[in-house]
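For reference, the structure is listed below as C-alpha cells.
Nothing in this text is a laboratory measurement; each read-out follows from the coordinates by a stated rule. These numbers were taken from a predicted model, which means no experiment stands behind them. Quick reminder, even Gly has a Cβ in these numbers, built from the backbone with ideal geometry, and neighbours come from all protein chains shown.
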Amino acid sequence: MHALIDGVLTGSVYALMATGLTLIFGVMEIINVAQGILVILGAYFSYTLSTHFGIDLFLGLLITIPAMFVVGVVIERVFVARLKGPEKTAMSILVTYAIALVIEGSLNQIYSVNYQQLSAWYVNKSFELFGVYFPYIYVYGFLLAVGLLSALYVMLYRTRFGASIRASLADQAAAALVGIDVKRVSTICFGLGVAITGAGGMIYGATNTFNASSGADLISRLLTIIVLGGMGSLGGALVAGILMVTVEDIVGVVWSPIWSTMSFFIVLVVVLSLRPQGLFGKLSSRVA
Amino acid sequence: MKKWSNLWWLAGLVVALVLPLVMTNPAYRGIAVYTLLFTACATSWNMFSGYSGYVNLGAAVFYGTGAYSEDLLANHLNMSGGAALFWLVPLSGVVAMLIGIPVGLVALRVRRHTYVVITIAIFFVFQLAATNFGFTGGTAGLTIPFIPWMASYFDVPFYYVALAVLIFAILLSAGVRRSRFGLQLLAIRDDEDRALGLGVQVAAVKLTGYVMSGFVIGMCGAIYAMKQGQIYPQFVFDPLFDITVALMCFFGGFGTLVGPIIGGVVLESAQQYLTVTYSSGGSLYLIIFGALFLLVILFMPRGIVVYVKDWWGRRQSRIESSQTAATAGVAS
Amino acid sequence: MTTLLSASNVSRAFGGVQALNGCSLEVRRGSITGLIGPNGSGKTTLFNVMTGYVKPDAGSVTFEGQNITGARPNKVFELGVGRTFQLTRIFARMTVLENMLVATQREESWLRGLTRSKSSPRELEAAMEWLNFVGLAHLAKLEAGSLSYGQRKLLELAYVLVANPDVILLDEPAGGVNLTLINVIAEKIQALNEQGKTFLVVEHNMEFVMKICHQVTVMHQGTDLVTGTPGEVRTNPAVLDAYLGGGDETDEELEELANG
Ligand SMILES: Nc1ncnc2c1ncn2[C@@H]1O[C@H](COP(=O)(O)OP(=O)(O)OP(=O)(O)O)[C@@H](O)[C@H]1O
Ligand SMILES: [Mg+2]
C-alpha cells in the first residue's frame, strides 16, 4: 500500500521531469542528458532563494521556472540548434553531456559537494495516510506535478501553438511545409522542457538530499522512463514514471533495497524485449 | 597518396615502439599505457558503432566484464603475480564477448535512438550488479595477485601488451572495413530495412560487430585490472568511460579508421595531463574538460579527420584552379 | 506458362484501414505483369506483403510452389524475389559502386562475409556491367546521396538486377521520371524480359503499362477487380468505375486509360 501511494506521488514527479525530456526528443530528436543536472540546478535555485532571500519554495518557483526557461533557450540557441546531419541524435547526447559536466563543475565550485536538502514546514511535518506517515511535501509536490502536467496538456491540445508543437512531434518536415516555424517551436520546446524541470527540481530537492553529482543518477532514471513509455510519447512518460517508482518500491519492500534500483532497469529490459517500441511508442512508420 | 599513408603508419609504429625507451619518467609511461588502452577501445568501439551507426553508450559493460574476469580468473586459478597473468587477457576478452551475446540480443532489437538509451540502462544494470553481488566483492572490489616488478620498470610490459592490443584493434578495424561484413555494417547504417531486403542478415551482422568490439574492449579492461592491482565497481563500470570513448571517435572522425586513433591519443593524453595538473580542484577539471569538448564538437562536428580532408581538398582544388588560371593566362 | 509468384486472398488492415481485402494475384514465369489501381488501392501494401516487409492478416504468398507467407525480407530476396521501392531507397553515404556490391551475393551466409573481401573480381565486373546497363558507370565512385532523383531510380533498378533475381517487383519505376528516361526504362525492362526475366510492375503511367505488360491486374479498395490483357482491361467498364469512384485520379490518366 505504502509502495503504491509513494509510487503515484513520487512517480508523478518523475513523470514531470521525464516529460520535459520526451517533449524535447519528440520534437527535435535531441536526447538531452543534461536534464538530470538541470533538475539539480533548479533545486539549487530554490535553495538559494529560500536560504538567502527567505522566499517560500513554491512562491520561489515563480522566479525559478522563468529562469530555467531562459537557461533552456540559451542552451538550445547556442549549442543544440547547431547540430545537424544523420548523427544528430548521438551528437546531442555528447553535447548535452558536456554541458552537464560544465554545470556540474560550476555547481560544485559554488555550493561545494556537501549534500543539501530544501526545508520548509511542509517538508518537516508529516500526516498519516492508511497508517503510513508522509511529509506534506509529497502531496503538494504531487498536486504541483499534476497541475503543471495538466497545464502542459491544455497548452498542447487547446492552443494554436500547441497544435504546431504536436505537428512537429508528428513530422518535422511536414510541419515545416505547412508553414510552421520549426526552429522557433524547437527553441520554445527546449525552453519549456527545461522550465518544467525547475519545478521538478524543487520537489526533488525537498524530498531528497542532493549535491551536483545527483544529476547522473537522475538522468539514468529519466531516460529509462522515457524509453519505457515510448520515446516521444507524453502519456507514456506519465504511466512509465508511476509504474517504475511503484515497482521499485514494491521490490524494495518485498526483497531488498539493493534489488529495487536494479528492478528499475530490469523492467525496462524485459519490456523492450517484448515490445521494442516501448509501452506507448509507435513503430517507425510504413515502408514505402 | 597510398605510399604516403603507408609511410605514416610505419612512422607511427616506430615511434610507438621506441617511446618507452626514450621516455623514462614512470608517470609519463603510465599516461602512455592509458592512452594506448583508450585508443584501442575507441578504435574497436568505432568498428561497430561508427560503421553501423548504432551508438553504444554502454561500452563499459565490456570493459568492466573484462576487468572482473581477469581478477576472478587469476584468483580462481591461484596464479601468482607476474607476466603469466597476461595470458588471461585474451581469455577475459572472450568472457566479455560471451557476456555481450545475450546483452546484444536484447539491446539490438531496438532501433537507433532507443538503442542508445537502452545501452545506458544496461550499463547501469551491470554497475549495480558489480556493486551488489557477492562474488564481485561488492564496493570493496577485487584484488589481483601482487606483481613484484620494480617501479621504474613496472609499466614497460604493460605498455607493449597494450600496444599489441591496439595494433590488433587497428588491423581488425581495417580488415572489417575491407570485408563484405564491413560493407554490410555500412549498409545497415544507411538504411537497415533496405539492407534486409537485399539479403543482409542484419540481426546476425549487428550482433557480430557488437561482440567483436566487446572482445577488444574486454581485453583492455583486463589489462587495466592487472595494472591497477585493485578494481572497484565504480571505476571499471564508469559512465565517463562510455562517454569518453564515444567522444574520442566523434572528435577524431566517426566511422573513419584513423579518427578514433587521433581522438584517443589526443584526448586521453590531454585528459590525463589535466587530471594531474588540476587534481586539487576536481570540479575545475570537469569544467575545462566539458568546455573543450563543446568547442570541438561545435567547430568540427564531423571530426578532425574529415575536417582536415576537406581543408586539404579545398587547398588542392585552389592550387589546381590557380595553376589552370596561370596556364590560361600564359596561353592567352 | 507456369505461375512463378502468386498471392491468394491476402488481407491486411492498418488500424481502421483495410489496405488489402482478400486480394489475389498471379505472376506467370517470363511475363511482364502490370498492377494498376487508384491511389491507396493497396498496390504497395501487396508488394510489402509479397516481399516480407508486412505480415498479412490472412491469405498466403507462394513463390515457385513454395509457401513464403510471412518470411523475412532477406529470406524472400535470397529465394529470388527482388524489388524496388516507390520512394526510392539507396544507401546514401556509400558510393554508387558500393551500393551495387551490397546486393551481389544473395545466397551467401553472413559468416562468409566475415572472411571475404568486399567484392570478388567477378562481382565487381557484374556490378560495373549493370551500372553500364543503366548508364551510371561513370558515376561509380560518387557518393550515392548526391545522385538526382531519376539516377537514384536507375541505381535501385541496377542493384536489384545485379543479384539476378528470378522475378522483380517494380513500384512505380516511371514515377517522377522524365519522358525520355521513361522510354529508356521501358526498353530495358523489355530487353531483360526477352532474356527471360519476370516482372511485376506497379505504375500510374497508363501508356507505359499498356505498352510493356502482357497481363494487367486492376486493384480497387484492396481487392483485385479485373485481370486480363491490356486490351481487355482498357475496355472493361468496371475499371473505369473504379477509377471514377476512387476520385483521385487525374483526368488525363482516365483519358489515357480509355484511349490506351
Ligand atoms: N504502415 C501503414 N500504416 C498505416 N496505414 C497504411 C500503412 N501502409 C499502407 N497503409 C494504408 O493502406 C492503404 C493502401 O496503401 P498503399 O500504399 O498500398 O496504396 P497504393 O495502391 O500503393 O497507393 P499509391 O498509388 O498512392 O502508391 C492506404 O490507405 C494507406 O494509408
Ligand atoms: Mg504505392
| message | Please compute the contact order of the range B:23-238 in relative form: average sequence separation of alpha-carbon pairs under 8 Å and at least six residues apart, divided by the residue count, as a percent. | response | 46 percent
| said: Give the residue list of trypsin sites (Lys or Arg not before Pro) in the range A:142-176 that are DSSP loop and have at most 15 other beta-carbon atoms within 10 angstrom. | reply: none
| note | Scoring only Lys, Arg, Asp and Glu (+1, +1, -1, -1) among other residues with Cβ under 15 Å from the Cβ of residue B:93 yields -2
| remark: When the charge dipole of chain B is computed with +1 at the Cβ of Lys and Arg and -1 at the Cβ of Asp and Glu, the Cα pointing farthest to the positive end, of B:321, B:197, B:85, is that of B:321
| Kirkwood Rh, Cα Rg: Rg to Rh for the protein assembly as shown? | 1.01
| note | Taking the alpha-carbon centre of each part, the distance from the range A:162-193 to the range C:1-20 in Å is 37 Å
| message | With a 10 Å cut-off between alpha carbons and a GNM built on chain B, which of B:11, B:203, B:121 moves the most? | response | B:11
| Counting each DSSP H run of 4 or more residues in chain B as -39500 (n - 2.57), what helix-only mean residue ellipticity at 222 nm follows after dividing by all residues, to the nearest 500 deg cm²/dmol? | -26000 deg cm²/dmol
| request: Have a look at A:99, A:31, A:63 and tell me which one the Gaussian network model of chain A (Cα, springs below 10 Å) gives the largest fluctuation. | output: A:63
| Note, ³J(HN,Hα) from phi for the range C:154-168, Karplus 6.51, -1.76, 1.60, rounded to Hz, x at Gly and Pro | 5, 4, 4, 4, 5, 6, 6, 5, 5, 7, 6, x, 7, 9, 10
| Amide H contacts under 5 Å for residue C:32, placed H, 5+ residues apart | C:199, C:214, C:215
| said: Helix-only estimate, please: 222 nm mean residue ellipticity of chain A, summing -39500 (n - 2.57) across DSSP H runs of length 4 or more and dividing by its residues, to the nearest 500. | reply: -25500 deg cm²/dmol
| request: Measure nothing fancy, just the Cα-based angle from helix B:155-178's long axis to the longest principal axis of chain B, in degrees from 0 to 90, nearest 10. | output: 50 degrees
| request: Per DSSP H run of at least 4 residues, take -39500 (n - 2.57); add these up for chain C, divide by its residues and hand me the 222 nm value, nearest 500 deg cm²/dmol. | output: -11000 deg cm²/dmol
| note | With +1 at each Lys and Arg Cβ and -1 at each Asp and Glu Cβ, the charge dipole magnitude of the range A:2-213 around its Cα centre, to the nearest 20 debye, comes out at 520 debye
| said: Roughly how far apart, in whole Å, are the Cα centres of the range B:22-51 and the range B:151-207? | reply: 16 Å
| query | Mind checking which lysines have their C-alpha under 18 Å from residue C:118, skipping anything on the same chain fewer than 8 residues away? | reply | B:206, C:141
| query | Counting only residues 5 or more places away or on other chains, whose amide H sits under 5 Å from the amide H of residue C:12 once H atoms are built in the peptide plane? | reply | C:19, C:20, C:21, C:22, C:57
| said: Net charge within 14 Å of residue A:272 by Cβ-Cβ distance, Lys/Arg positive one each and Asp/Glu negative one each, not counting residue A:272 itself? | reply: +4
| query | Rg and Dmax of chain A over Cα atoms: what are they, in angstrom? | reply | 18.6, 60
| said: Can you tell me the orientation of helix A:214-229 relative to chain A, as the angle in degrees between its alpha-carbon axis and the longest Cα principal axis, to the nearest 10? | reply: 60 degrees
| Residues A:249, B:71 arranged by fewest to most Cβ contacts within 10 Å | A:249, B:71
| task | Give me the compactness ratio for the range A:3-86, meaning the Cα radius of gyration over 2.2 N^0.38 Å. | result | 1.29
| query | Comparing C:144, C:19, C:92, which has the greatest mean-square fluctuation in the GNM of chain C with Cα pairs linked when under 10 Å apart? | reply | C:92
| field | Taking all pairs of distinct alpha-carbon atoms in chain B, Kirkwood radius in angstrom | value | 21.1 Å
| What's the exposure ranking of A:262, C:206, going from fewest to most Cβ atoms within 10 Å? | A:262, C:206
| request: Using the Karplus curve 6.51 cos²θ - 1.76 cosθ + 1.60 with θ = phi - 60°, work out ³J(HN,Hα) for each residue of the range A:181-193 in order, rounded to whole Hz, and write x for Gly and Pro. | output: 7, 4, 4, 5, 4, 4, 4, 5, 4, 4, x, 4, x
| request: Could you tell me which of the pairs C:43/C:75; C:43/C:197; A:88/C:153 are separated by over 24 angstrom between their Cα atoms in the structure shown? | output: A:88/C:153
| field | For residue C:4, residues with placed amide H under 5 Å, excluding near neighbours | value | C:27, C:28, C:29
| field | Under Karplus coefficients 6.51, -1.76 and 1.60, residue-wise ³J(HN,Hα) of the range A:47-63 in Hz, glycine/proline x | value | 4, 5, 4, 7, 7, 8, 10, x, 8, 4, 4, 5, 5, x, 4, 4, 8
| remark: Given the candidates A:173, B:262, C:60, the one whose Cα lies deepest towards the positive end of the charge dipole of the protein assembly as shown, counting +1 at each Lys or Arg C-beta and -1 at each Asp or Glu C-beta, is B:262
| request: Using the charge dipole of the range B:23-238 (Lys, Arg: +1 at Cβ; Asp, Glu: -1 at Cβ; taken about the Cα centre), state which of B:32, B:136, B:101 has its Cα farthest towards the positive end. | output: B:101
| field | Cα gyration tensor shape of the range C:6-144, rounded if a/c is under 1.5, else prolate or oblate by comparing a/b with b/c | value | prolate
| message | Give me the net charge for the shell around residue B:144: Cβ to Cβ below 15 angstrom, other residues only, Lys and Arg +1, Asp and Glu -1. | response | -1
| query | Using alpha carbons only, how many degrees (0 to 90, rounded to 10) separate the axis of helix B:303-331 from the longest principal axis of chain B? | reply | 20 degrees
